[in-house]
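> Mind looking over this structure? Questions follow.
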Amino acid sequence: MMKLLLTDSGVKNASIRNALLDLLGKSIAESSALCIPTAGYGAPDADPGGPWRFISGQSPSPMTGLGWKSVGVLELTALPSIEEARWVSWVREADILLVNGGDALYLGHWMRESGLAALLPSLSDTVYVGLSAGSMVMTPRIGEEFVGWKPPTGDDSTLGVVDFSIFPHLDHPSCPENTMAAAERWAARMTGPAYAIDEQTAIKVADDAVEVVSEGHWKLF
């Protein structure tokens with residue numbers, strides 16, 4: 001299994017940064033990254049500025065601008081038109097995948113269609129860092145509250161790499177509907193463990209151990 005750092009809003013504090021360094025096993029300046037902007041195109045309110053801010057490190061959610069040795073862009077919608085051996089080699093050579101937020105179901109669809117989802121189980125030495133939808137896509141389901149783009153399957157299922165669900169942006173000013181009460185209602189309809197997390201929180205998964213890393217507030221249901 002990959003080493004996962006499932007964040008709400010990127011590497012927002014020292015605790016999350018330390019968790020990232022622990023997963024990498026080396027410095028950020030020694031690590032090569034691939035960023036995946038795809039989810040940023042799928043949300044109902046998406047615009048082309050969002051993926052650019054993510055790629056360029058201009059986003060308020062710190063991901064690509066942390067000082068990596070190198071950063072490349074892996075756009076999932078392009079992969080079906082590229083020789084598989086080429087893009088697979090790019091992924092295998094990267095130390096870390098930085099996965100944008102946006103729409104989790106759109107991202108899940110393109111992770112499957114591109115072949116990346118099938119490749120993930122073999123990337124045991126690679127670190128995966130998700131941002132919002134980039135984190136939620138690794139869970140079994142997202143819940144009807146977070147359905148925007150409608151997948152061909154018609155349901156809210158995602159990749160199921162982990163066995164817990166994530167309710168993001170808890171009590172964030174730009175998401176006034178994401179209250180703890182709303183999270184409790186959401187969690188009651190999930191199967192398995194479910195976490196509500198805020199922008200200062202991430203979930204670290206390594207060697208089948210799950211650890212909440214937080215300088216904010218969160219709750220396990």
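> Mind listing whichever residues of region 166-217 are open to solvent by 30 Å² or more (accessible area, probe 1.4 Å), touching a helix residue (DSSP H, G or I) at 6+ places or on another chain (Cβ under 9 Å) and among the polar types (S, T, N, Q)?
Those that are open to solvent by 30 Å² or more (accessible area, probe 1.4 Å), touching a helix residue (DSSP H, G or I) at 6+ places or on another chain (Cβ under 9 Å) and among the polar types (S, T, N, Q): Q200, S214.
> Follow-up question, since we're still on this one. Which of the residues spanning region 98-115 are assigned to a helix (DSSP H, G or I) and crowded, with 21+ Cβ neighbours inside 10 Å?
Listed by number, the residues that qualify are A104, L105, Y106, L107, G108, H109, W110, M111, S114.
> Residues that are open to solvent by 60 Å² or more (accessible area, probe 1.4 Å) and either of a type outside the set (D, E) or closer than 17 Å to S135 by Cα (or both): which strands (runs of 3 or more DSSP E) entirely in region 1-97 hold 2 or more of them?
Numbers: elements: 3-7, 32-36, 70-73.
Because the criterion is at least 2 residues that are open to solvent by 60 Å² or more (accessible area, probe 1.4 Å) and either of a type outside the set (D, E) or closer than 17 Å to S135 by Cα (or both), the strands (runs of 3 or more DSSP E) in region 1-97 that meet it are 70-73.
> What are the residue pairs meeting all of these: first residue in region 13-29, first residue farther than 22 Å from H217 by Cα and of a type in the set (G, A, S), second residue modelled with pLDDT of 95 or more and open to solvent by less than 70 Å² (accessible area, probe 1.4 Å), Cβ atoms under 8 Å, and 6 or more apart or on different chains?
S27/L21; A29/G67; A29/W68
> Scan the strands (runs of 3 or more DSSP E) fully inside region 160-221 and keep the ones with 2 or more residues being of a type in the set (V, I, T). Before the answer, list the steps.
Details: elements: 165-167, 194-197, 201-206, 209-214, 218-220.
In region 160-221, the matching strands (runs of 3 or more DSSP E) lie at 201-206, 209-214.
The values are calculated or read from the model by the stated rules, or taken from the named source; none is laboratory data. From a predicted model like this one, the values you see are computed outputs, not experimental measurements. When we count neighbours, we look across all protein chains shown, and the Cβ atoms used for this are built from the backbone with ideal geometry, even at glycine. Surface areas here come from the heavy atoms of the whole protein model, side chains and all, with no ligands, DNA or RNA. Shrake-Rupley method; radii C 1.70, N 1.55, O 1.52, S 1.80 Å.
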